[in-house]
Amino acid sequence: MRTRSPLAFALVIRGIYELDPPEAAETLALIESVGRADGPEHVRGRVVAREAGRAVLEFPERNWGGDVTLLVSSLLAGEWADSAAFTRCRLVELELPAGLLPGPAFAAPDEVLVGAIVKPSTAAALAAGGADLVKDDELLGDPAWCPLEDRVSAVAAVLPDRARYAANVTGPVDSLLQRARRVVELGAGVVMVNAFAQGLDSLRALREAQLGVPIFAHRVGAALWGRERRFGVAPAVIAQITRLCGADYVQVGSFTGSVYDTDDDVRAQIDACHRPLGKLHRSVAVIGGGVGPRNARAQVEAAGVSSGLMVLLGSAAYDVSPEDAVLATVESVRPNSAAESA
């Protein structure tokens, strides 16, 4: 949909919404900016196009700048979701000025990676099979029966240099950066956070802390934004904002049918991780959910790309020996590479 903005602002934030009824677009522009029709002109949103059930809205960048919490509060999960003025309202495209958010710190590698969810006692076996990354389960934080620092030390001690351990630092916000710095000190090669539970701005904070390691954004909770087709946010926009906030690894669902994403949704999310956005690095698009040695190759083929991608094994890594499961997966997605070993 091509539009031309009537606004005179130097920097503009643009959102495209699927919207019903169409005449409610003006209401949406007000809700997301000044609130009232007589609000100040220099910060109010404008409807710049309406076509085929979609409305294009533009806002001055000065309204929110790079404040992730306010971008979310207005454009992605704003008061419009509460309003009875809409029978459908879904953000399907988002354009932000270049440089507004930091993006990933590391370039995505030009290959298909293999990851696995770790049980501390199996970390060495997963790495021996050739896993590039082993990660905590998103529900494992810092419990007394498996303390974060002890877990990181134990796993890091048995991994070869080529395998990264993604330690989950999700938890109380006031100590988030302290936990992140500590796990890096103890040997974690990736910091993982439940970005939609912790808050998307946690990604920006971790990114700007310059930890020296990549950030893995777990998407638990994002389905509450993306699953509903009438209200919410398209999965591709969720992946895009996750990348923009600083995630080096972005989960994009899978083609297995075990998660809610359609095949088109998954491909659109991969594109959101990879397409050029100014000078930003690509994020690694992480395919996970029902992925195992038997279907990993099919996931890569369905994705249509062979770089900047990871297949993430979950419980399927434990159906046989973890080492054998990972080795079989590596051989299927990188058939021309030599088998990797610890």
Could you say which residue among P335, P293 is of a type outside the set (A, V, I, L, M, F, W, C), touching a Ser or Thr at 6+ places or on another chain (Cβ under 6 Å) and in a loop (DSSP other than H, G, I, E, B)?
P293
Determine whether L57 is buried (at least 17 other Cβ atoms within 10 Å of the Cβ) and either at pLDDT 90 or above or among the hydrophobic types (A, V, I, L, M, F, W, C) (or both).
yes
Going residue by residue through the range 22-29, is there one that turns out to be free of Cβ contacts under 8 Å to residues at least 60 places away in the same chain, open to solvent by 30 Å² or more (accessible area, probe 1.4 Å), in a loop (DSSP other than H, G, I, E, B) and not acidic (D, E)?
no
Limited to the range 126-144, what total is found for residues that are in contact (Cβ under 8 Å) with a residue 40 or more places away in the chain, open to solvent by less than 30 Å² (accessible area, probe 1.4 Å) and either not charged (D, E, K, R) or not in a strand (DSSP E or B) (or both)?
9
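Table: residues versus (1) closer than 30 Å to G66 by Cα; (2) among the β-branched types (V, I, T).
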residue: G253; (1), (2): yes, no
residue: Q269; (1), (2): yes, no
residue: A316; (1), (2): no, no
residue: V333; (1), (2): no, yes
Taking the conditions exactly as written (in contact with a Ser or Thr (Cβ under 9 Å, 6 or more places away or on another chain), more than 20 Å from N168 (Cα to Cα) and not small (G, A, S)), does D261 satisfy them or not?
yes
Among the residues of the range 296-319, what is the count of those that are outside any helix (DSSP H, G or I) and touching a Pro at 6+ places or on another chain (Cβ under 8 Å)?
3
Candidate set from the range 250-269 (those that are within 19 Å of A116 (Cα to Cα) and open to solvent by less than 20 Å² (accessible area, probe 1.4 Å)); member that is farthest from the chain's Cα centre (by Cα):
S254
Quick check on D324: is it within 28 Å of L91 (Cβ to Cβ) and charged (D, E, K, R)?
no
Mind listing just one residue for me: the one in the range 30-54 that is in a loop (DSSP other than H, G, I, E, B) and charged (D, E, K, R) and, of those, surrounded by the most Cβ atoms within 10 Å (Cβ to Cβ)?
E32
State whether one or more residues within the range 63-85 are farther than 20 Å from G221 by Cβ and either touching a His at 6+ places or on another chain (Cβ under 9 Å) or of a type in the set (K, R) (or both).
no
Would you confirm whether any residue within the range 283-291 is over 18 Å from H218 (Cβ atoms), surrounded by 16 or more Cβ atoms within 10 Å (Cβ to Cβ) and in contact with a Lys or Arg (Cβ under 9 Å, 6 or more places away or on another chain)?
no
Kindly indicate whether any position in the range 177-187 is under 27 Å from D142 (Cα atoms), open to solvent by 10 Å² or more (accessible area, probe 1.4 Å), touching a strand residue (DSSP E or B) at 6+ places or on another chain (Cβ under 9 Å) and not in a helix (DSSP H, G or I).
yes
In the set P235, P276, P214, the lone residue that is open to solvent by 30 Å² or more (accessible area, probe 1.4 Å) and at negative phi is P276
Meets criteria (on the phi < 0 side of the Ramachandran plot and either without any contact (Cβ under 8 Å) to a residue 60 or more places away in the chain or open to solvent by less than 30 Å² (accessible area, probe 1.4 Å) (or both)) for G65:
no
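The values are calculated or read from the model by the stated rules, or taken from the named source; none is laboratory data. Remember, it's a predicted structure, so these values are computed and weren't measured experimentally. Using ideal geometry, Cβ is built from the backbone for each residue, glycine included, and neighbour counts are taken over all protein chains shown. Each accessible area value is taken on the protein alone, full model and side chains, heavy atoms only, with ligands, DNA and RNA left out. Shrake-Rupley method; radii C 1.70, N 1.55, O 1.52, S 1.80 Å.
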